[in-house]
1. Quick check on this structure: which one of I86, I7 is closer than 24 Å to S262 by Cα and crowded, with 20+ Cβ neighbours inside 10 Å?
2. Which pairs do you get when a residue that is over 13 Å from L24 (Cα atoms), found in the stretch 39-67, comes within reach of a residue that is in a strand (DSSP E or B) and acidic (D, E), reach meaning Cβ atoms under 6 angstrom, with the pair 6+ apart or on two chains?
3. Show the residue pairs that are 6+ apart or on different chains and have beta-carbon atoms under 6 Å apart, the first residue being within the stretch 241-257 and over 14 Å from G280 (Cβ atoms), the second being more than 6 Å from the ligand (Cβ to nearest atom) and modelled with pLDDT under 95.
4. Q166: touching a strand residue (DSSP E or B) at 6+ places or on another chain (Cβ under 8 Å) and either under 22 Å from T3 (Cα atoms) or crowded, with 19+ Cβ neighbours inside 10 Å (or both), yes or no?
5. Condition first: of a type outside the set (G, A, S) and surrounded by fewer than 19 Cβ atoms within 10 Å (Cβ to Cβ). Now tell me which residues in the stretch 143-159 satisfy that.
6. Hey, can you tell me all the residues within the stretch 46-97 that are in a loop (DSSP other than H, G, I, E, B) and more than 25 Å from F162 (Cα to Cα)?
7. Test G128 against the stated conditions and say whether it is modelled with pLDDT under 95 and in contact with a helix residue (DSSP H, G or I) (Cβ under 7 Å, 6 or more places away or on another chain).
8. So V287 ticks every box in (1) in contact (Cβ under 8 Å) with a residue 40 or more places away in the chain; (2) under 21 Å from the mean Cα position of the chain (by Cα) but one. Which box is left unticked?
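The values are calculated or read from the model by the stated rules, or taken from the named source; none is laboratory data. It should be emphasised that the depicted structure is a prediction, and the values quoted were computed from it without experimental measurement. Cβ coordinates were reconstructed from backbone atoms using ideal geometry, including for glycine residues, and neighbour counts include every protein chain displayed.
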Amino acid sequence: MPTSVFIIAETQDATLSNTAAELLGAARGLADSLGGDVAAALVGYNVSALAPQLGELGADRVLVADDPSLEFYQGERYVPLLLEAIRSASPSVVLLAQSFMGRELGPRLAFELQSAITTDCVRLAVEGDRVVMTKPVYGGSAIADYVVETTPQVATLRGRAFEPVQAQPGRACEVQQLAVPAGDARATFVETVRAAADTGPNLKEAKVIVAGGRGMGAPENWKYVDELAEVLGGAVGATRAVTDAGWVPASLQVGLTGVTVSPDLYVAVGISGAVQHLAGITGARNVVAINKDPEANIFKLARYGVVGDWKQILPALTQKIKELRGG
Ligand SMILES: Cc1cc2nc3c(=O)[nH]c(=O)nc-3n(C[C@H](O)[C@H](O)[C@H](O)COP(=O)(O)OP(=O)(O)OC[C@H]3O[C@@H](n4cnc5c(N)ncnc54)[C@H](O)[C@@H]3O)c2cc1C
């Protein structure tokens, strides 16, 4: 059967990234409508053992490139290898995650394939033999449909916008090795330093986020945001006003020029709801806003709003949740 959808899986610390299950969920739906197979590329170092998992998640064919020179993403190494694999599979659609790697790799592949890319898609639908790719535009204030008229149609998918597919234990797949191009990369990785924020739940993948804004008043009050996030098992986010002031690291900034998030629950404390902040949270399923100004823009997006001073609300809310959780 011809390959209709080609996905590029990502790994971290010798495990598949959660985005692989989301890409394969989207890919299976498309492949079933377009009538073809799903191929998955697995590129990295010490990743071969993960190939069967991609099969269980719905890949019919897994193309593996496992080599020390591929341990870290480098366009110079990854692009030629994947181009070759995509050209020989000749898919209709290529899907990547809207991640650090996907955002760089996707456009490069689309360019080399003389095709086009739609980034940050939140929905895909088949119409005839084309895929309609939907994405938020104008900072999330509008939604636009795109059709790439050249083949393959390349898209990056926003994290948590697509349902991850459930694994079918024992589902078999064909595994093929990809030839790793010879030669050294021009850049060498000397050291990888993990940001402190990476030790908690990953902001992009978090199901629960508690975010604070300038309304928290001072950096010493930030502990109340941290505490609520901790009892909820969530990640911590912030507005640019807060990251610019140096209260928390810039990696926690949510919004147009920060991280785009799609949690089930987003608790916004002392955040006014500037369009640049809202642009990052349009994918949040439930926004709970705590703000002393009843006219604050954040309430327009909020499912539940609490008008009041966080100093009265936040400690009491955290305490109540602790009690309910038996802590
Ligand atoms: C090009 C550009 C890109 C930008 N990108 C981003 C981005 O990616 N992310 C982002 O967040 N911003 C971004 N901004 C900045 C954005 O425009 C806002 O300035 C910022 O989001 C405001 O942050 P804030 O809500 O924390 O602060 P403010 O707007 O000052 O709001 C503070 C809120 O706290 C409330 N408050 C005060 N005291 C209390 C209290 N005791 N209890 C409860 N509520 C209280 C106030 O009523 C107010 O609504 C960008 C701006 C530009 C120009």
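1. I7
2. V47/D66; S48/D66
3. Taking only residues 6 or more apart or on different chains, the pairs are P249/A197.
4. Values: touching a strand residue (DSSP E or B) at 6+ places or on another chain (Cβ under 8 Å): no; either under 22 Å from T3 (Cα atoms) or crowded, with 19+ Cβ neighbours inside 10 Å (or both): yes.
The answer is no for Q166.
5. The answer is I143, D145, Y146, V147, E149, T150, T151.
6. Once the filter is applied, which keeps residues that are in a loop (DSSP other than H, G, I, E, B) and more than 25 Å from F162 (Cα to Cα), the stretch 46-97 yields N46, D67, E71, F72, Q74.
7. no
8. All conditions are met except number (1).
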